[in-house]
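This report refers to the structure that appears directly beneath it.
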């Protein structure tokens with residue numbers, strides 16, 4: 001079915017109340033906490049076919065539509081406050097939504113923050129503290145920029161398998177304008193590289209760059225991160241800050257003493273800089289739950305009240321506060337489509 005017809009059908013079902021009925025008939029009657037995960041925001045022209053894909057980095061107009069829909073239909077809460085509400089023993093007052101940003105990109109201040117203030121909506125930003133005040137090029141940004149600029153139609157699957165082994169995703173024939181195939185390939189390649197130990201990751205990225213740009217000439221622009229002055233300003237205006245380690249370390253491949261050092265020092269650094277207690281943590285990469293479980297007790301001992309992963313799902317008062325699920329909203333501007341997805345997220349209750 002063409003995308004336009006799908007959109008019309010979804011809007012019609014929403015208007016008729018279909019998704020609201022599904023929510024009322026869903027298998028759980030618990031009040032739910034939906035935690036939304038964002039990273040940065042992209043320019044409004046990033047919807048073009050060559051845009052670097054990132055499902056949780058909307059354009060300003062899309063984020064404005066998200067906030068407008070949330071403000072009209074949802075109880076939007078500070079994550080710190082709602083966790084305190086749950087821990088008080090009273091449970092959740094009603095279905096609630098909290099907004100989070102990972103890493104600390106400068107666009108959170110320049111683009112998201114004015115919109116959050118416009119709708120009087122709180123949010124939480126999980127900071128990679130060694131990145132604050134710098135321009136950085138995280139490996140996933142490097143990868144997305146390579147795939148955005150490369151002519152993928154000239155790349156052979158055999159060459160990908162040579163560079164990355166049998167785990168390499170297949171690249172179907174496509175031109176530069178085939179955004180859907182390009183984005184799908186990007187996501188699969190991100191998964192492959194995320195599961196490579198950090199010591200070998202740079203070598204693999206270099207091999208991919210040589211494959212995609214055999215003549216050279218690839219030089220991605222770094223990404224600006226928040227400054228401490230911007231962070232302090234936001235901290236006084238309904239924006240909470242949590243820890244996300246010092247260097248975005250992959251807990252799966254790091255020695256426990258190094259993980260604990262990164263967690264502890266990131267928390268202490270933020271507290272010293274903004275003179276506020278830090279009670280929230282977000283696991284870098286966020287999808288390897290088995291690697292995070294051993295650190296839950298350490299987080300408690302360090303004074304954290306909760307921790308978020310990056311796996312899709314919603315939460316209830318009985319959820320593990322040190323492995324809270326998060327979700328992303330569609331990159332859309334239609335309030336009907338956005339609200340429909342919020343309702344559906346509360347029906348997908350496998351993790352509550």
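The values are calculated or read from the model by the stated rules, or taken from the named source; none is laboratory data. Everything numeric here is computed off the predicted structure, so don't read it as measured data. As a convention, Cβ positions derive from the backbone with ideal geometry for all residues, glycine included, and neighbour counts pool all protein chains shown.
Considering every residue within region 101-122, establish whether at least one is free of Cβ contacts under 8 Å to residues at least 60 places away in the same chain, more than 25 Å from residue 343 (Cα to Cα), part of a helix (DSSP H, G or I) and out of contact with any helix residue (DSSP H, G or I) (no Cβ under 6 Å at 6 or more places or on another chain). Yes: one or more hits. Selection of region 196-227 for residues being over 26 Å from residue 107 (Cα atoms), touching a residue at least 12 places away in the same chain (Cβ under 8 Å) and assigned to a loop (DSSP other than H, G, I, E, B) yields 197, 213. Considering region 123-152, and only residues there that are touching a strand residue (DSSP E or B) at 6+ places or on another chain (Cβ under 7 Å) and assigned to a helix (DSSP H, G or I), the residue that is modelled with the highest pLDDT turns out to be 131. Any residue that is assigned to a loop (DSSP other than H, G, I, E, B), assigned by TED's automatic domain parsing to the domain that holds residue 282 and in contact with a helix residue (DSSP H, G or I) (Cβ under 6 Å, 6 or more places away or on another chain) - is there at least one of those in region 76-92? Within region 76-92, not a single residue is assigned to a loop (DSSP other than H, G, I, E, B), assigned by TED's automatic domain parsing to the domain that holds residue 282 and in contact with a helix residue (DSSP H, G or I) (Cβ under 6 Å, 6 or more places away or on another chain). Annotation note: of 291, 319, the sole residue that is out of contact with any helix residue (DSSP H, G or I) (no Cβ under 6 Å at 6 or more places or on another chain), surrounded by fewer than 17 Cβ atoms within 10 Å (Cβ to Cβ) and not in a strand (DSSP E or B) is 291. Examine region 228-239 for a residue that is part of a strand (DSSP E or B), in contact with a helix residue (DSSP H, G or I) (Cβ under 8 Å, 6 or more places away or on another chain) and either closer than 18 Å to residue 305 by Cα or not assigned by TED's automatic domain parsing to the domain that holds residue 192 (or both), and state whether such a residue exists. Yes, region 228-239 contains at least one residue that is part of a strand (DSSP E or B), in contact with a helix residue (DSSP H, G or I) (Cβ under 8 Å, 6 or more places away or on another chain) and either closer than 18 Å to residue 305 by Cα or not assigned by TED's automatic domain parsing to the domain that holds residue 192 (or both).
Condition check ((1) under 23 Å from the mean Cα position of the chain (by Cα); (2) over 30 Å from residue 119 (Cα atoms)) across all residues:
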site	(1), (2)
189	yes, yes
200	no, yes
222	yes, yes
234	yes, no
238	yes, no
242	yes, no
255	no, yes
263	yes, yes
268	no, yes
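Scanning region 153-178 for residues that are at pLDDT below 75, surrounded by fewer than 16 Cβ atoms within 10 Å (Cβ to Cβ) and under 22 Å from residue 142 (Cβ atoms) gives a single hit, 176.
Is it the case that region 96-111 has a residue that's modelled with pLDDT under 95 and either surrounded by fewer than 22 Cβ atoms within 10 Å (Cβ to Cβ) or in contact with a strand residue (DSSP E or B) (Cβ under 7 Å, 6 or more places away or on another chain) (or both)? Yes, because at least one residue in region 96-111 is modelled with pLDDT under 95 and either surrounded by fewer than 22 Cβ atoms within 10 Å (Cβ to Cβ) or in contact with a strand residue (DSSP E or B) (Cβ under 7 Å, 6 or more places away or on another chain) (or both).
When residue 341 is tested against (1) surrounded by fewer than 19 Cβ atoms within 10 Å (Cβ to Cβ); (2) free of Cβ contacts under 8 Å to residues at least 24 places away in the same chain, only condition (1) is not met. Name every residue in region 210-227 that is touching a helix residue (DSSP H, G or I) at 6+ places or on another chain (Cβ under 7 Å) and modelled with pLDDT of 90 or more, in order of residue number. Across region 210-227, the qualifying residues are 223, 225, 226. Residues in region 121-139 that are surrounded by fewer than 20 Cβ atoms within 10 Å (Cβ to Cβ) and under 12 Å from residue 102 (Cβ atoms): 138 only.
Here residue 330 fulfils each of the conditions (1) without any contact (Cβ under 8 Å) to a residue 40 or more places away in the chain; (2) more than 20 Å from the chain's Cα centre (by Cα); (3) over 27 Å from residue 198 (Cβ atoms) apart from (2).
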